[in-house]
Structures are given as C-alpha cells and as structure tokens.
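The values are calculated or read from the model by the stated rules, or taken from the named source; none is laboratory data. Note that the structure is predicted; figures quoted are calculated from it, not measured. Note that we place each Cβ from the backbone using ideal geometry, even for glycine, and neighbour counts take in every protein chain shown.
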Amino acid sequence: MATSLDHLFLRETVASIPFKSPRSGGAPSLPTPNRLTHSRRLLQQLAQLRRDEERISRLREADLRPVDAGIKVAIEVRPAGALDFGKKLEWKKDGIEVLSVVGIDGADVAVIRVPPGKLAAFERRVQEYQTEDGRPDKDGRRKPKNAALVNVITAFRLAAFEELWTDEESPPEPPDQAWFQVWLRLTPAGAAATQAAFRQETVGLNIVVEPGYVTFPGRVVVAAQATRQQLADALQLLDMVAEIRGVQPTANFFLSDLPPFDQVQWIADLRARRQLPADDANSYVTLLDTGVNNGHRLLTDLVADDDLHAVDPAWLTTDHDGHGTGMAGLSLIGELTDHLAGNAPVDIRHRLESVKIWPPAGGNARHLYGQVTSQAVSIVEEANGDRHRTFALMTTTMGNTLGRPSEWSALVDRLAFGLGSSDASPLLPIVLHPKLFVLAAGNVQIGDWTQYPQVNYTSTVEDPGQAWNAITVGAFTNLTQFNAEANPSLTPIALRGALAPSSRTSRLWEPLWPLKPDVVAEGGNGSRCSVHLDATDGPSDLRLLTTSHLPAAPLAETGDTSAATAEVARICGHLRARYPTYWPETHRALVIQGARWTPAMQAFLPPNANMREKAAFVRTFGYGCADLERSDSSQLREPTLIVQETITPYVEREGGVSLGNLNIHTLPWPQERLLQLGGAQVELRVTLSYFIEPNPARRGWQSNFRYQSHGLRFAIKGATETLERFIQRINKLERDGEQNVMNDADLDGWVLGPG
C-alpha cells in the first residue's frame, strides 16, 4: 500500500524581479472614411442629440425631477474591438462615463452618460477632425486630428432599452411584468444612498424596487419589478441606470425516494463506524441550500442545532424540499452505497453548517441571488468568525451564460477574493478575507438526455458557475450496471468514465472566459428506453445514495452536478482540516492538482490536438475527476510541492500604471535521484491558483475595465536552458535590446501547455 505523506511546503524559494511582457498584439484594421462626409453626418447626429437633451430636460422639469441630470447616448463603433473605451471615452474632466458596452452585428455599442452641456466635448473633437490635422507619423504623414477616435464612430444616438440590456437571455415582452436587475452608477454618497436615491427616482413610474442591493466597483445592483415598456419609457428620466439585466428562474430539484427496506439497520451500523472529527476541529462545509434536517442519525452529531440558519427567520431552518439534507450527507460522508455495504471505518474530518437560502412553498423569493448569497455568508461569519469554511452552492439559474459575469457570479468572485458585498469606508485599510466556494455547473434537463452527448456540448454552464474564483463542478459517471432482467428496455446512456448525461460544459464560451468546469465528480447516469424512446435518470443503481429529510425513509437517491459538487465540497472540507494554514487559493489548487482524466475522457483528445481542441476538451471535462487521496496526500514517488506567495503585478510609476514584478521560483529538485532514472518518463503538473478582483459591469472588458484584473501565467525553465536565457525569454527587460521571439525548447512536452 502506498505511503501517505504530507505535501511539501516550500519557504524562501522565491525571488522577485521587475517585469515587462515579451508578448505583443496587433490592432484590427481600421476604416478611413471620407473626412468631410463622415464628420458632417456625425455633427448632424450630435445636433439631434442636443434637441433630445432639451426635450428630456423639459420633461424632467414638468415632472418635478432634477434638470441637471445627464442623458444616455449610444455610440456605435466599427469594427468591434477598435476602441479601448476606458481610455478613449472616459473623459473625467467633462464628467463623461462609460455605462455599458455590448456587441451588435460586428460593432460595439457603448452607452455613455453625458452631463448637461457636455455634448460639446464630442462636437469639438469631430470639428477638429473635420478641419485640423494631427501630428505627423514616423513617415511624415498627417491624419485628421482625433482620427483614431472619430474614424471608428459610425453613429451617435439617444440610448434605447435594447442598448442597455446586457443579459444573454432576451428581455421580456414589452407588456409583461417581470423582475429586472438594474445596475446603477455608484454615487459619491455610497451604495446605500445610491439605492435610496434610485428608489426616489422611480416614484410615480410604476417601478417597484426590492429592498437590498449588491455593490461592485463603480456599480450598485438592485432588483426592480416593472414591464419592459415602463423601464424603456422612463430610461432617460432615471439618471442612475447604467445597464439592465434579467432575473432568471432557479432550476428545479429532482429527487426520488428509495424503498426503505432495512434502512434503519444499515444506518445504525454505519453510524457506529464513523470516525468523527475532534471536538476542536475547525473545518466546516457551509451548505447554502434548502435547509438541513439534522435529526438524521448520520448527521445529528455532525450538524449542530446552532449551526442551522436561514436568510429569512420566517422560513425556519428545516429542510422543506429534501435537497439540502441529501447534499449534507454527501458533503460529510460521501456516497453511502459502499459505506453501508462495507465494514471499514469512515474517516470524517469536518462538520457542516447550513444556511437556508430558498423559501418553502409560498415563501417570498429574493431576486438578487448574489445578495442572498452574501447575506448567508455574513450570517455564519457573524455567528462563528474563525472557522475554516468551504461554501457549497448547488443551485443555478436556468439559461445559458456564455461565460460573461452576472451579479451572482461576480458577487461570488468578490466574496472569494476576500471583499464584502457592501461599500467600506475609504478611510479604513482594506483587509482581505479570501473564501473557498464550490459551485455546481448546472444540469441538462432529463428530457434532453436522448441527445447525449451533443446536447451537453451546447448546454453551457449556468449562473453562477462562471465565477472565476470558485471551483465549478461538472459530473462524470462510473455507474453503468443495473438489473437488466427487471429493466429489459433500458440501456445506460453514458459509458463508464464518461461525461454524465446531466453535465453542462463551456464549449460555446468565447476564449476570454474561464475554462469551466474545473473538475468533475460522480453525478450518476441515466438510461434510454427502447420502448418509449425517451430517457430517465434511473434505475436507482445509476444514482447516488444519500441521507433523506424524511424520518420514515432515511435513505434517498440523488445525482447530477449537485451530487458531484457535494463530493468536491467534502474533499475541500477534508483538505481544510488536514492543512489549516493553507490559503483558500491553495486548497482550490490541490483539488485541481489531484484531478485526473479517465481513459474514456482521454479518448476525446486527439493525439496531436491543437489549442482549440485542447480548450474544448477542458471545457467539457475540466482538469479531470476530483480525487480525495491524490489531493490530500503526497506519495514517495509522487510528491506535491506547495508555494504560497504574493506578487505585485502592477506598479504606479510616473506617467501611469505599468507591469510590476515577476517571481522566480527555485524548486528543490532531487537532481541525483532524477539522473538515476535515465530515460524514464517523468510527469510534471503545475497548478497556478490565484483569486481575481472582479469588475462585472458591461463596459468593455479591456484595460481598466478588464473583468479578471491581472492575468497571471507561469513558465518553466527548459532542460537545456540556462537561468539567464530563461529569464530573457519571459522578460523583455532582460534582453539588452534583443527583440527576437525566444521559444520554449520543451513546449512539445506539455499536454495542455504552460501558463
């Protein structure tokens, strides 16, 4: 049997040096329209905007609203990506602010807020373009002044509802009442004052604003109920609105009970074999779900009464649905079938606390899921602030995200990064408290399983699974055997080791969005019926066994990405108990580092796969199946080295912000032992894990609006490469004027590639 060892934690192995990236990118080909015709057309459009501004001012005055509010202007830019909106359109001296950017038919449409009288800033630039030349280029040629800006602007117009709608899903029909997420400009008075002022703005407009809000850099998000037409009609009267998104319904839970034969005796035997965590154990899985019934004999001494909470006291803390109690069993003990059938001790190193975030039937559902999640986090942290937590969230909203951040996913990123959801005093230093989140990727509905696996490729990870900082979990399955005599018309859908029929992927996402899921875990299988030509999530042999919320039937079946997420949360709880001083970023890295692809998965990766094929592979299976043993322990011939370090990716110098430092890690390779291996193959896995500070507003994810802030990468010194040459290859500052591209001599050895 392999010897289980602690991982090797490295200290004082890092040197930091100034950095300049060797990468460079080309700009898109930009249009050169007829100077006079183009400028005249734009000036005519700006003149129309002046008339619109005067009309809106009169409407505000007649409605007893402030007349000093700005107007929202849509600027169409072609081709898409031609402008860095943060640098080219954020004119602080004029008070002009970019509100949102959306792509429409090969163009970018930026919505900006223009204060009263400041249309002149655009008129001046277009007039200069019309009559003046700029500075000569290196060849002595002159272009019209402001050509880089004006050439790519194809239209100015008053912004409409459709241009402020930044959601992937289509907006509701104009006459239908619906809930909307309204993203507001953060005013200097702070988030609470911004939300209160917006509520005052909506008085008399038939718009209902729900209490509560979520804050992000420069934005406050509120939930509002109205019709699309009411919002569209009031848009120019509502000065604070920056963008509008939808509120999607939550996915339904699908659970079915197993027959209760001999359940009590099995449970009693398993209960006696559990090895409980020590009284002072401080690792907890925090389950954000439908509540937990902790009277279950397998849960009662692992989930204390004081650790049951609800975001609304009127909901009680008990499990009205069954989903939460089922996830609690998996998060603490794991799948029960082998444990009940066996006689070995079951090692449990963590406990569980529950926050009920979904109301019982008839309860008052919330419409800012991020705010509810933040409230749940605050409840447990205020009750017990010193616990090492793994936050587990299995619920998703229905609908494709295409990878773009939402209020919910960005709030998860913000909490994981270590910031709260509300605005803090600028006079106080920022203290980060990073958190570990495990999220479900979301499920393909059972009715679509007959189209497996193609439907999985086109069904994208659901909100909030696109969160960069979280571990997003998909599902695979090893369950393919069932009683064929009792079910002669059924055949399993997925092969052993393959993607589960329920699992969603991110294959349709654009390359700039994260590779999700991060890992997969057992989520059960389904079967096809040759008689009815449909699919089912049974028989029970293809599902997972867990704890039930019903006293009369203490065992229940479950599955899909919820069950897979619970398993990964269990792994994290175990890791946080064994390595309490590791950062949340490190525990996330250990889960990824320990994952492996099955042979069935590897069959989907071509032998000489290109980067597009590799990305599609990871966007389907993540980095493999989560594995507690590999993540938890090193082996004599398979050590894991841990480095926890900080880095300064940007520095403020005279003239602006530039790239900061890179870290050089000198690893303690066992050189003599490696040389003794001769020509034997040695595998190296590198996992770089860090949390980003999110910027979710749809303002163009470029430069200072980039969602994921800094994008860290790693590189490995080649086997025949000197340290000096290696540093020159990755750092332009060390090249002494040499501009040639320096290739990685060992690049072909990577399965996925460094960085």
> Within the stretch 462-496, can you find the residues that are surrounded by 21 or more Cβ atoms within 10 Å (Cβ to Cβ) and among the charged types (D, E, K, R)?
Replying inline: Glu462, Asp463
>> What are the pairs with Cβ atoms under 8 angstrom where one residue, in the stretch 286-301, is at positive phi and modelled with pLDDT of 95 or more and the other, located anywhere, is surrounded by 21 or more Cβ atoms within 10 Å (Cβ to Cβ) and of a type in the set (Lys, Arg)? Sequence gap at least six, or different chains.
In response: Gly291/Lys356
> What number of residues within the stretch 259-275 satisfy the criterion of being surrounded by 15 or more Cβ atoms within 10 Å (Cβ to Cβ), among the polar types (S, T, N, Q) and at pLDDT 75 or above?
Replying inline: 0
>> Criterion first (in a loop (DSSP other than H, G, I, E, B) and under 17 Å from Glu381 (Cα atoms)) does Val303 satisfy it?
In response: yes
> From the list Leu49, Leu43, which residue is closer than 23 Å to Glu128 by Cβ, more than 39 Å from the chain's Cα centre (by Cα) and touching a residue at least 60 places away in the same chain (Cβ under 8 Å)?
Replying inline: Leu43
> crowded, with 18+ Cβ neighbours inside 10 Å, of a type in the set (Asp, Glu) and either closer than 21 Å to Val372 by Cα or in the same structural domain as Glu462 (by TED's automatic domain parsing) (or both): does that describe Asp239?
Replying inline: no
> Given the conditions (1) exposed (fewer than 14 other Cβ atoms within 10 Å of the Cβ); (2) modelled with pLDDT of 90 or more, and given that Gly25 satisfies all but one, which numbered condition is not satisfied?
Replying inline: (2)
>> Looking at the structure I just gave you, is Leu684 modelled with pLDDT under 90, assigned to a helix (DSSP H, G or I) and aliphatic (A, V, I, L, M)?
In response: no
> Are any residues in the stretch 497-535 surrounded by fewer than 17 Cβ atoms within 10 Å (Cβ to Cβ) and β-branched (Val, Ile, Thr), and if so, which ones?
Replying inline: Val531
>> Being in contact with a Ser or Thr (Cβ under 7 Å, 6 or more places away or on another chain) and under 22 Å from Leu393 (Cα atoms) narrows it down to one residue among Val568, Val591, Val519; which is it?
In response: Val591
> How many of the residues in the stretch 119-150 are surrounded by fewer than 20 Cβ atoms within 10 Å (Cβ to Cβ), within 22 Å of Lys72 (Cα to Cα) and within 38 Å of the chain's Cα centre (by Cα)?
Replying inline: 2
> Filtering the stretch 151-178 down to residues that are surrounded by 20 or more Cβ atoms within 10 Å (Cβ to Cβ) and among the aromatic types (Phe, Trp, Tyr), which residue is nearest to the chain's Cα centre (by Cα)?
Replying inline: Trp165
>> Take Leu46 and tell me if it is at pLDDT 85 or above, within 30 Å of Glu201 (Cβ to Cβ) and part of a helix (DSSP H, G or I).
In response: yes
>> Out of everything in the stretch 462-508 that is more than 27 Å from the chain's Cα centre (by Cα) and of a type in the set (A, V, I, L, M, F, W, C), what residue ends up being farthest from Ile571 (Cα to Cα)?
In response: Ala486
> Are any of the residues in the stretch 477-486 out of contact with any Gly (no Cβ under 8 Å at 6 or more places or on another chain), within 13 Å of Thr620 (Cα to Cα) and either modelled with pLDDT of 90 or more or not in a loop (DSSP other than H, G, I, E, B) (or both)?
Replying inline: no
> Quick check: is even one residue across the stretch 330-343 over 16 Å from Thr558 (Cβ atoms), assigned to a loop (DSSP other than H, G, I, E, B) and assigned by TED's automatic domain parsing to the domain that holds Gly295?
Replying inline: yes
> Just to be sure, is Asp386 surrounded by fewer than 18 Cβ atoms within 10 Å (Cβ to Cβ), assigned to a helix (DSSP H, G or I) and not polar (S, T, N, Q)?
Replying inline: no
> What about Arg612, is it surrounded by 20 or more Cβ atoms within 10 Å (Cβ to Cβ) and basic (Lys, Arg)?
Replying inline: no
> Does the stretch 166-187 hold any residues that are under 18 Å from Val98 (Cβ atoms) and assigned by TED's automatic domain parsing to the domain that holds Gly218, and which are they?
Replying inline: Val182, Trp183, Leu184, Arg185, Leu186, Thr187
> Identify, please: which residue in the stretch 447-461 is part of a loop (DSSP other than H, G, I, E, B) and over 16 Å from the mean Cα position of the chain (by Cα) and is, among those, surrounded by the fewest Cβ atoms within 10 Å (Cβ to Cβ)?
Replying inline: Pro453
>> Taking the criterion of being hydroxyl-bearing (Ser, Thr, Tyr), touching a helix residue (DSSP H, G or I) at 6+ places or on another chain (Cβ under 7 Å), assigned by TED's automatic domain parsing to the domain that holds Arg55 and not in a strand (DSSP E or B), would at least one residue in the stretch 131-146 satisfy it?
In response: no
> Where in the stretch 543-658 are there helices (runs of 4 or more DSSP H), lying fully within it, with 2 or more residues that are at pLDDT 90 or above and within 25 Å of Asp289 (Cβ to Cβ)?
Replying inline: 560-578, 584-594, 628-632
